[in-house]
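What follows is a single structure, written as structure tokens, with notes after it.
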Amino acid sequence: MNGAKHISQEDLALYSMQALTPEEQTEVRDHLQGCAACKAALRDILAEDALLGLSVEQQALPAGAQQRFMAHIANTPQETTLGRSAKAEPAVVSAGRKPGSGLGWLGWVTAFAAIAVAVYFGYESQQLKQQLGKDQSDIAQLSAQADRAQELTDALTSPAAKQVTLTETKQPAQPVGHATYLPSKGALIFVASNLHPVKPEKTYELWLIPANGKAPIPAGLFRPDATGSASVVLPQLPEGVEAKAFGVTIEDAQGSNTPTLPIVMAGS
């Protein structure tokens, strides 16, 4: 059958899908053994089928779907094409098929429509799976962020949380002084710590700065011990003087009646 007659594209497509009757399958197979043109046409059809199959995720057919599909095709009346000239296609035959046998043109259209529907729903299914996977990833990320925010809030607001302030360990402690003063009796108690040592001929002197703007009043001399601590307890001060502030200067060992700048410690 490798002369002027060849298997039609319709029958080759049905042959590739195993949709012909056993007798027709055998006749087409025998023809292909001696016809290079039909072999080439079949290879093109198979290549297109392979690309179509790879473009979507494979889905298993429901039980009995193939049997129901074939039964529906067998029970469908076959259409014939009117007005077709016998001379229009002299080089193409239907592999010896009897009128009304196999799927015919209507069967091929139905099969093609079924494949198109399968491709569409396979593509839609794949798109939905990808979107679902992305949504699940976004939800997991948002959940992790919410958990971290809650943990941070708990750490900052919980009564059981311990608050600690850290400072540079190598930084020397700063001198500090605390004064307690009772103006009505002129009673003053001053305690200092972390004081820097002074030369033997020098001393620290405490000053009371009156609130009325008058000159500072000497409030006692002191020198730190080996630990940097010192105190002035109940020095001789006039009664009834309101204090605006207190200050400390470094003076000669005998002290001074007026402060010598700079003032090394001050507080109000």
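Scanning the stretch 1-27 for residues that are modelled with pLDDT of 85 or more, part of a loop (DSSP other than H, G, I, E, B) and not polar (S, T, N, Q) returns a single hit, Leu20. Count of the stretch 225-259 residues, restricted to those that are closer than 11 Å to Tyr204 by Cβ and of a type in the set (Lys, Arg), is 0.
The rows are residues; the columns are (1) under 14 Å from Leu188 (Cα atoms); (2) of a type outside the set (D, E, K, R); (3) modelled with pLDDT of 95 or more.
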| residue | (1), (2), (3) |
| --- | --- |
| Thr203 | no, yes, yes |
| Pro210 | yes, yes, yes |
| Pro218 | yes, yes, yes |
| Pro224 | no, yes, yes |
| Gln236 | yes, yes, no |
| Ile250 | no, yes, yes |
| Ala253 | no, yes, yes |
| Ser256 | no, yes, yes |
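This table checks each residue for (1) part of a helix (DSSP H, G or I); (2) without any contact (Cβ under 8 Å) to a residue 12 or more places away in the chain; (3) loosely packed, with under 10 Cβ neighbours inside 10 Å; (4) at positive phi.
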{"position": "Leu156", "(1), (2), (3), (4)": "yes, yes, yes, no"}
{"position": "Ser184", "(1), (2), (3), (4)": "no, no, yes, no"}
{"position": "Ile189", "(1), (2), (3), (4)": "no, no, no, no"}
{"position": "Pro197", "(1), (2), (3), (4)": "no, no, no, no"}
{"position": "Leu208", "(1), (2), (3), (4)": "no, no, no, no"}
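Here Gly228, Gly240, Gly220, Gly213 are screened, and the one residue that is surrounded by 14 or more Cβ atoms within 10 Å (Cβ to Cβ), of a type in the set (Gly, Ala, Ser), on the phi > 0 side of the Ramachandran plot and in a loop (DSSP other than H, G, I, E, B) is Gly228. Of all residues in the stretch 252-268, those that are assigned by TED's automatic domain parsing to the domain that holds Lys202 have Cβ atoms under 8 Å from Cβ atoms of residues that are among the acidic types (Asp, Glu) and assigned to a loop (DSSP other than H, G, I, E, B), 6 or more apart or on another chain, in Asp252/Glu201; Ala253/Glu201.
The values are calculated or read from the model by the stated rules, or taken from the named source; none is laboratory data. Just so it is clear, the model here is predicted, and its values are computed rather than measured. Counting neighbours? That spans all protein chains shown, and the Cβs are built from the backbone with ideal geometry, glycine included.
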